[in-house]
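Student: Before I ask anything, here is the structure I am working with.
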Amino acid sequence: MPDDNFAAMRQSIIDGAPDTASGLAQQAIAAGITPLEAINNGYVPGMQEVGEKFAHGQMFLPDMMASAEAMQAAMTVLEPVLKKQGAERPTAGTVVLGTTKGDIHEIGKTLVGTLLAAHGFRVHDLGVDVPGEKFASTARELSADIVGVSALLTTTMRNQKGVIEALEKAGLRSQVKVIVGGAPVSRRWAEEIGADGYAKDAMSAVALARELMEQKGQSRTQAPA
Ligand code: B1M
């Protein structure tokens with residue numbers, strides 16, 4: 001697909017144009033472009049530019065909401081294609097995923113969930129504004145291997161720590177690996193709050209989840225009988 005099409009995808013997000021965004025996604029699939037190429041080269045750069053414009057006062061909240069709608073329209077087309085790949089694989093592990101309490105940003109978290117599902121993980125997405133106790137009760141219910149917590153605001157990052165505390169309180173911390181991510185989150189922050197790993201983007205989250213599943217497998221085989 002020529003770079004022009006990726007530029008058009010990017011622009012559809014900046015313009016907050018859901019119909020254009022989804023039409024371009026359909027064209028991309030028909031042309032044999034992988035959903036990941038469209039996301040990484042077209043739509044995500046659009047969202048990044050929206051964030052920069054918002055930060056510099058060149059775009060306002062309603063514009064940012066329209067851009068999010070456009071992104072979701074594109075994802076509605078691309079997600080089923082990505083997920084189909086995962087349905088054809090054996091289960092790689094169970095992940096409980098959500099955006100932390102106080103935070104309603106969902107696009108990045110949903111993308112992480114879609115890619116995990118595309119790589120064979122069973123993903124239970126709790127949505128946004130999720131309290132720590134909900135992560136813990138769902139992890140117990142599903143015997144989750146991994147809990148993934150997204151945060152997009154500097155003010156809600158600390159609630160990632162709250163999720164770890166809730167897992168500790170529920171007596172689940174030793175059984176469940178915790179991964180954290182989101183734009184303001186860093187490896188250092190993950191270490192500081194005692195998470196098992198940090199991923200900077202959705203593909204790294206898949207690699208990290210696989211690595212943690214390997215570690216879980218090893219500790220199981222090494223555990224005394
Ligand atoms: Co908001 N917002 N927003 N916003 N918003 C940011 C985050 C901001 C950086 C914009 C800015 O000022 N430049 C800023 C935060 C500043 C800060 O805290 N330092 C901000 C603000 C201030 C706000 C409000 C407070 C605005 C207001 O009301 N005045 C408000 C807060 C609401 C709340 O949550 N309580 C708000 C609201 C909104 C909308 C509702 C309008 C909308 C969200 C709609 C939705 O999600 N349905 C929105 C949007 C769209 C954004 C920006 C523009 C884009 C976020 C996004 O979707 N990016 C964002 C600016 C930016 O990030 N550049 C911004 C695309 C997405 C694919 O990337 O989410 O980073 P991202 O996810 C990546 C990685 O971070 C990583 O992988 C993903 C894919 O590669 N990742 C993980 C994410 N989660 C992970 C979890 C993992 C691993 C990796 O493991 C579990």
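Student: Enumerate the pairs (first residue in the range 152-174 and within 13 Å of residue 140 (Cβ to Cβ); second residue anywhere and open to solvent by 50 Å² or more (accessible area, probe 1.4 Å) and outside any loop (DSSP other than H, G, I, E, B)) with beta-carbon separation below 7 Å, excluding pairs fewer than 6 apart on the same chain, so at least 6 apart or on different chains.
Tutor: Once the first residue is within 13 Å of residue 140 (Cβ to Cβ) and sits in the range 152-174, its partners that are open to solvent by 50 Å² or more (accessible area, probe 1.4 Å) and outside any loop (DSSP other than H, G, I, E, B) give 166/133; 170/140; 172/140.
Student: Cβ-Cβ below 9 Å, separation at least six or inter-chain, first residue in the range 111-132 and of a type in the set (Val, Ile, Thr), second assigned to a strand (DSSP E or B) and more than 9 Å from the ligand (Cβ to nearest atom): which pairs?
Tutor: 112/123; 114/123; 123/94; 123/96; 128/100; 130/100
Student: Restricting to the range 33-46, give me the number of residues that are open to solvent by 50 Å² or more (accessible area, probe 1.4 Å) and either part of a helix (DSSP H, G or I) or within 11 Å of residue 9 (Cα to Cα) (or both).
Tutor: Our first condition is that a residue be open to solvent by 50 Å² or more (accessible area, probe 1.4 Å); within the range 33-46, this holds for 34, 37, 40-41.
When the remaining residues are screened for being either part of a helix (DSSP H, G or I) or within 11 Å of residue 9 (Cα to Cα) (or both), the result is 37, 40-41.
Residues meeting the conditions: 3.
Student: How many of the residues making up the range 8-32 are among the charged types (D, E, K, R) and buried (at least 19 other Cβ atoms within 10 Å of the Cβ)? Give the steps one after another, and end with the answer.
Tutor: Narrowing the range 8-32 to residues among the charged types (D, E, K, R): 10, 15, 19.
Going one step further and asking which of them are buried (at least 19 other Cβ atoms within 10 Å of the Cβ), we end up with 10.
Looking only at that region, the number is 1.
Student: Acidic (Asp, Glu) and more than 28 Å from residue 46 (Cβ to Cβ), is that true of residue 106?
Tutor: When the stated conditions are applied, residue 106 does not pass them.
Student: Can I ask one more? For the range 111-136, how many residues are open to solvent by 40 Å² or more (accessible area, probe 1.4 Å) and within 20 Å of residue 200 (Cα to Cα)?
Tutor: Residues flagged as open to solvent by 40 Å² or more (accessible area, probe 1.4 Å) and within 20 Å of residue 200 (Cα to Cα) within the range 111-136 amount to 3.
Student: Same structure, new question: Restricting to the range 57-106, and then to whatever is closer than 27 Å to residue 217 by Cβ and aliphatic (A, V, I, L, M), can you tell me which residue is surrounded by the fewest Cβ atoms within 10 Å (Cβ to Cβ)? It would help to see each step written out before you state the result.
Tutor: We begin by selecting, within the range 57-106, every residue closer than 27 Å to residue 217 by Cβ; these are 82-98.
Keeping just the survivors that are aliphatic (A, V, I, L, M) gives 82, 87, 92, 95-97.
Numbers: 82: 19, 87: 10, 92: 19, 95: 28, 96: 27, 97: 27.
Here the answer is 87.
Student: Tell me the residue from 93, 120, 113, 132 that is of a type in the set (Gly, Ala, Ser) and within 10 Å of the ligand (Cβ to nearest atom), please.
Tutor: Only one candidate passes the filter, namely 113.
Student: Of everything in the range 196-207, what is under 23 Å from residue 154 (Cβ atoms), open to solvent by 20 Å² or more (accessible area, probe 1.4 Å) and either modelled with pLDDT of 95 or more or assigned to a helix (DSSP H, G or I) (or both)? Give them in sequence order. Please lay out each step first, then the result.
Tutor: First, pick out the residues of the range 196-207 that are under 23 Å from residue 154 (Cβ atoms): 196-202, 204-205.
Now restrict to residues that are open to solvent by 20 Å² or more (accessible area, probe 1.4 Å): 196, 198, 200-201, 204.
Those that are under 23 Å from residue 154 (Cβ atoms), open to solvent by 20 Å² or more (accessible area, probe 1.4 Å) and either modelled with pLDDT of 95 or more or assigned to a helix (DSSP H, G or I) (or both): 196, 198, 200, 204.
Student: Continuing with this model, one more query. Picking from 70, 74, 28, which residue would you name as being assigned to a helix (DSSP H, G or I) and away from the ligand (no atom under 12 Å from the Cβ)?
Tutor: The match here is 28.
Student: Among the candidates 201, 145, 196, 125, single out the residue that is charged (D, E, K, R), out of contact with any Pro (no Cβ under 6 Å at 6 or more places or on another chain) and near the ligand (Cβ under 9 Å from one of its atoms).
Tutor: Going through 201, 145, 196, 125 in turn, the sole match is 201.
Student: Which residues, counting only those in the range 1-41, are at positive phi and either in contact with a Ser or Thr (Cβ under 8 Å, 6 or more places away or on another chain) or β-branched (Val, Ile, Thr) (or both)?
Tutor: 16
The values are calculated or read from the model by the stated rules, or taken from the named source; none is laboratory data. Because the structure is predicted, anything quoted here is derived from the model rather than measured. Ideal geometry is used to build each Cβ from the backbone, glycine not excepted, and the neighbour counts take in all protein chains shown. Surface accessibility is based on the protein's heavy atoms, side chains included, excluding ligands, DNA and RNA. Shrake-Rupley method; radii C 1.70, N 1.55, O 1.52, S 1.80 Å.
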